[in-house]
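The values are calculated or read from the model by the stated rules, or taken from the named source; none is laboratory data. Keep in mind that this is a model prediction, so the values were computed, not measured. Positions of Cβ are generated from backbone atoms using ideal geometry, with glycine treated the same way; all protein chains shown enter the neighbour counts.
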Amino acid sequence: MQALINTFMERRGDLYQALGQHITISLVSLLIAMFIAIPLAIWVVKYKRLAEVLLQVTSVLQTIPSLALLGLLIPLVGIGTTPAIIALVVYALLPIFQNTYIGISEIDPSLEEAADAFGMSRMRKLFKVELPIAMPVIISGVRTALVLIIGTATLAALIGAGGLGSFILLGIDRNNVSLILLGAISSALLAIIFSTLIRLSQRAKPRQLLIGFIILLVGFAGYGVYHKVNAPKDTIVIAGKLGSEPDVLINMYKDLIEQNEPRVKVALKPNFGKTSFLFSALKNEDVDIYPEFSGTVLESLVKVPKAQVGQKRTPQQTYQLAKKLLKQQDDLTYLKPMAYNNTYTLAVKKQFAQKNDLKTITDLTKIQSSVTAGFDLEFIDRNDGYRGLQKTYGLNVKVKSMEPKLRYSAINNQDVNLVDGYSTDSELRQYNLVTLKDNKHLFPVYQGAPLINKKVADKYPRIKASLNQLAGRITEKQMSEMNYEVNVKKESPAKVAKTYLKAQHLWKEAK
């Protein structure tokens, strides 16, 4: 409990900002869903067949996995709050539409006849009779939708929209229970508070509710326009994938750019999410720079000519081919790489390795029937991952898919006895794991380098010079140590990044 309180005190500023983002995304999504679903349900009350079709459509939409929906939206509308709001509106339509339709269609026919007998117009009957009677059922649907929205909105952090999900993702990544609880408890409290407020709104009249919702919508729209108009013009957005290593690197990028380009403001989007999300965001110009690995470029992001597929390459050849194909296919600028090779590796507990005499990946094939692996989804699906292990080594083991950081907890708790990882992961040292030699050289070279939107590279030529100061620097040992300081010693990535730059004489203290 004390750890949770300490975490809150340290990060309350970030928490308040995340709360604001979460509330904005949730309420805007709810209001849009209501303005779509409620009028639509009122209109189709007299068309039962059409109503049944729409109920089926909204039901199907709600079954689409949220990550899949976000992935589909990113190429169309980019990253940030827009795809998050669209996805949340999709999920909120069913309960609001369904409850509105049921609430009005099940009104006692005698009441409808009485309203007609008094000569009420369609709109007068709607506001004076139907909506007041159906209001408790409609409000119940709105409450259900809001709770669903607030819970699902935590995934918005994966696409740079912020919110309380950033605390949950960061907590999982850093194995910090306090951060996870801070995000989860805040989200739960938010749902309870707003659910209660909506329940109390049942006492209001339909016209009062409508006016209130319009005021809220206009307010949020005005807030968004204000921030867009007053946003700094020269802002470079640097994003990073999940993990301490990208977090450290993007902080280095920020320090180097702002030091050499004082007129430029840098905004960071750490723990952004999957490689495909980030690459799409860069191509759509939603982010300007992010660190990417040469091996990942060739394996996942570009189309390698058939004649060159499967070739063994030196680190320099891998980088040059990645740079060339990124330029040709996506018109992106790939700067010079750092020294370390953060390649894939397979790891086991030291005791397990000694017991089974494991030194190489080939040695695993002798005991594969007793191996249970914890691999992340990206590794399972990659040709230089588990697919490659099956083809190159003939390795077929029982596999459990899990998030990258969870696999280390799983092997430490003996839920699995083999995990994939990266050679600079701090958990290898933290959990006393042994890495197995890739004796058939399956895993390609993975050298990290800044990947930049061409427009930004052309507009700010000094940025390239700033970031190229890291070229040929940062050894595997240094990167592993920096990851250890962030994940285990709980140092901030910004502090670790600046400490390294100072040690390498790349940071000049202000006089």
Task: One residue from Ile96, Ile86, Ile23, Ile107 being over 24 Å from Asn284 (Cα atoms) and without any contact (Cβ under 8 Å) to a residue 40 or more places away in the chain - done: Ile107
- [ ] List the number of the failed condition for Asn342; all other conditions in (1) out of contact with any Phe, Trp or Tyr (no Cβ under 7 Å at 6 or more places or on another chain); (2) under 20 Å from Leu278 (Cα atoms) hold.
- [x] (1)
Task: Unmet criterion (only one of (1) of a type outside the set (S, T, N, Q); (2) more than 27 Å from Leu428 (Cβ to Cβ); (3) buried (at least 17 other Cβ atoms within 10 Å of the Cβ)) for Arg199 - done: (3)
TODO: Name every residue in segment 372-385 that is surrounded by fewer than 20 Cβ atoms within 10 Å (Cβ to Cβ), more than 21 Å from Asp173 (Cβ to Cβ) and modelled with pLDDT under 95, in order of residue number.
DONE: Asn383
TODO: Check off (1) modelled with pLDDT under 90; (2) surrounded by fewer than 20 Cβ atoms within 10 Å (Cβ to Cβ); (3) of a type outside the set (Phe, Trp, Tyr) for Pro444 and give me the number that stays unchecked.
DONE: (2)
TODO: Could you grab me the full set of residues in segment 389-434 that are under 19 Å from Glu245 (Cα atoms) and β-branched (Val, Ile, Thr)?
DONE: Val419, Thr424
TODO: Need at least 3 residues that are among the aromatic types (Phe, Trp, Tyr) and either assigned by TED's automatic domain parsing to the domain that holds Val129 or within 23 Å of Ile185 (Cα to Cα) (or both) per element, so show me which helices (runs of 4 or more DSSP H) inside segment 1-109 make the cut, counting only ones lying wholly within it.
DONE: 2-44, 81-105
- [ ] Looking only at segment 418-434, decide whether some residue is within 30 Å of Val264 (Cβ to Cβ), of a type in the set (Val, Ile, Thr) and outside the structural domain of Gln351 (by TED's automatic domain parsing).
- [x] no
Task: Single residue of Leu326, Leu358, Leu364, Leu346 found to be touching a helix residue (DSSP H, G or I) at 6+ places or on another chain (Cβ under 8 Å), among the hydrophobic types (A, V, I, L, M, F, W, C) and more than 21 Å from Tyr408 (Cα to Cα) - done: Leu326
TODO: Those residues that are under 28 Å from the mean Cα position of the chain (by Cα) and of a type in the set (Lys, Arg), I need them from segment 303-351; list them, please.
DONE: Lys303, Lys323, Lys327, Lys336
TODO: Return the only residue of Ala471, Ala465, Ala449 being in contact with a Pro (Cβ under 7 Å, 6 or more places away or on another chain), in contact (Cβ under 8 Å) with a residue 24 or more places away in the chain and surrounded by fewer than 18 Cβ atoms within 10 Å (Cβ to Cβ).
DONE: Ala471
TODO: Go through the residues of segment 134-143 one by one and say whether even a single one is more than 37 Å from the chain's Cα centre (by Cα), under 18 Å from Val44 (Cβ atoms) and assigned by TED's automatic domain parsing to the domain that holds Trp43.
DONE: yes
Open item on the list: So, restricting to strands (runs of 3 or more DSSP E) that lie completely within segment 262-334, which ones have at least 3 residues that are farther than 27 Å from Ser423 by Cα?
Closed with: 265-269
TODO: Please enumerate the residues belonging to segment 289-305 that are surrounded by fewer than 24 Cβ atoms within 10 Å (Cβ to Cβ) and touching a strand residue (DSSP E or B) at 6+ places or on another chain (Cβ under 7 Å).
DONE: none
Task: Some residue of segment 306-320 being crowded, with 19+ Cβ neighbours inside 10 Å and in contact with a helix residue (DSSP H, G or I) (Cβ under 9 Å, 6 or more places away or on another chain) - done: yes
TODO: Please specify each residue of segment 1-29 satisfying the condition of being modelled with pLDDT of 80 or more and hydroxyl-bearing (Ser, Thr, Tyr).
DONE: Tyr16, Thr24, Ser26, Ser29
